[in-house]
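Here is the structure we will look at, set down as structure tokens.
What follows draws every value from the coordinates through simple rules; no lab data is involved. If you're wondering where the values come from, they're calculated on a predicted model, not measured in any experiment. Positions of Cβ are backbone-derived with ideal geometry, glycine not excepted, and every protein chain shown enters the neighbour counts.
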Amino acid sequence: MGAQIREYRQRIRSVSATKKITRAMELMAASRVVRAQQAVRAATPYAQALTKAASAVATFSDEDHPLTSEKPDVKRAAVLVIAADRGLAGGYNANVLKEGERLTTRLREEGKEVVPYLVGRRAVSYYSFRKREYAAEWTGFTEKPTFEDAREIGERLVADFLKDTDTEAGVDEVHVVFTRFVSMVTQEPTVVRLLPLEVVESEEDTSDEELYPLYEFEPNAEELLDTLLPRYVSSRIFACLLSASASELAARQRAMKSATDNAEELIKKYTRLANQARQAEITQEISEIVGGATALADSK
């Protein structure tokens, strides 16, 4: 009986230590997700202005830019999968990787060769464990991405997109799989086609949006598109990274809160079992004393 009590107390100490860790991780994620949301809001004005500029140039010029031109025969499709560097975020990584698998299956059914590009150590380990090849990887910044990270990814994707797939290892289209941040409770795995470019408007309310004025391009529309569209690609990738970062932190906060609550329940359970074992031990000791006294009395 004493050994059982010691086992319960050891389990209580172990679960209590785990609870302290999960509680600390929950608080850290809660503070970081606020900063991630602020980063999303801070990047929105630049993204909106760049979108408006790119839309204006694309609308009022007759230039047929390589980044906006549909290729007649799509042979190879790039899939950029944005996962996390760390786990302990519930189903965050599993959901985005499953969405990537669904997209890969659909593209292969369309007769396209899929070329993966990976962001996050979890995505890299997922493909490495299954011995799958991928074109490039970027890790170490998923919780706090910067525009430089997005630019590096965008430059690689644009460069591969501009290559000829017949003579070089290029791609004909680019898709991005990431987790869109909706709220602290809801995060949705999302797929967007990045290249060929479709200049999209902001999701903000545009009921009072002004009409575009007529533009004259200096030096010319082609050079402006060469400058704007790669930046627009990087801007969209940066928006995906920021949304994925906020989603990762929100998912980690929920997962750690659930783990902390489960630890509290286990502590209550083991405390109750230890008390019951202790009461049973005391009862047994009393019964032995009474039985011994009764036997001694009977013998006299």
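Legend: distances between Cα atoms for LYS75/LYS131; LYS112/LYS144; LYS19/LYS131; LYS131/LYS163; pairs beyond 29 Å are LYS112/LYS144; LYS19/LYS131. Put a plus charge on the Cβ of each Lys and Arg, a minus charge on the Cβ of each Asp and Glu, and nothing anywhere else: the dipole of the chain about its Cα centre is then about 3020 debye.
With the simple spin-label model, which puts each label point 7 Å out from Cα in the Cβ direction, the GLN284 to LEU27 separation comes to 4.1 nm. Spacing of the modelled spin labels on ARG106 and GLU223, each 7 Å from Cα toward Cβ, amounts to 4.1 nm. The chymotrypsin sites (Phe, Trp or Tyr not before Pro) of region 215-300 that DSSP puts in a loop, and whose beta carbon has at most 14 other beta carbons within 10 Å, are TYR215. Across region 103-150, the relative contact order, built from alpha-carbon pairs under 8 Å that are at least six residues apart, equals 34 percent. The protection proxy used here, the mean number of other Cβ atoms lying within 10 Å of each residue, ranks peptides 153-159, 167-173, 76-82 as follows, highest first: 76-82, 153-159, 167-173. Shape of the chain from the C-alpha gyration tensor: prolate (a/c of 1.5 or more and a/b above b/c, with a ≥ b ≥ c the square roots of its eigenvalues).
Residues LEU266, LEU195 in ascending order of nearby Cβ atoms (within 10 Å, fewest first): LEU266, LEU195. Ranking SER55, ALA94, ALA29 by how far each Cα lies toward the positive end of the dipole of region 1-100 (charges on Cβ) leaves ALA29 at the top. About its Cα centre, the dipole of region 1-123 is roughly 1380 debye, where the only charges are +1 on Lys and Arg Cβ and -1 on Asp and Glu Cβ. Where both bridge residues fall in the chain, DSSP classifies roughly 35% of the beta bridges as antiparallel. Measuring nothing but how far apart in sequence close Cα pairs (under 8 Å, 6+ apart) lie, relative to its length, the chain scores a relative contact order of 33 percent.
Modelled this way, with points 7 Å down the Cα-to-C-beta line, the labels at LYS20 and ASP166 are 6.7 nm from one another. With θ taken as phi - 60° and the Karplus curve 6.51 cos²θ - 1.76 cosθ + 1.60 applied, the whole-hertz 3J(HN,Hα) list for region 19-24 is 4, 4, 5, 5, 5, 5 Hz, x standing for glycine and proline. When the charge dipole of region 223-296 is built from unit charges on Cβ atoms (+1 for Lys and Arg, -1 for Asp and Glu) and taken about the Cα centre, the candidate among TYR270, SER245, ILE282 whose Cα reaches farthest toward its positive end is SER245. Counting only Cβ charges, +1 for Lys and Arg and -1 for Asp and Glu, the dipole size of region 71-180 around its Cα centre is about 560 debye.
Look at the dipole of the chain built from charges on Cβ: of PRO45, ILE12, GLN187, the Cα furthest out on the positive end belongs to ILE12. Peptide packing: for 111-120, 278-287, 132-141, the average count of neighbouring Cβ atoms within 10 Å per residue gives the ranking 111-120, 132-141, 278-287, highest mean first.
Under 5 Å from the amide H of LYS112 lies no amide H of any residue 5 or more positions distant or on a separate chain, with H modelled from the backbone and absent for Pro and chain starts.
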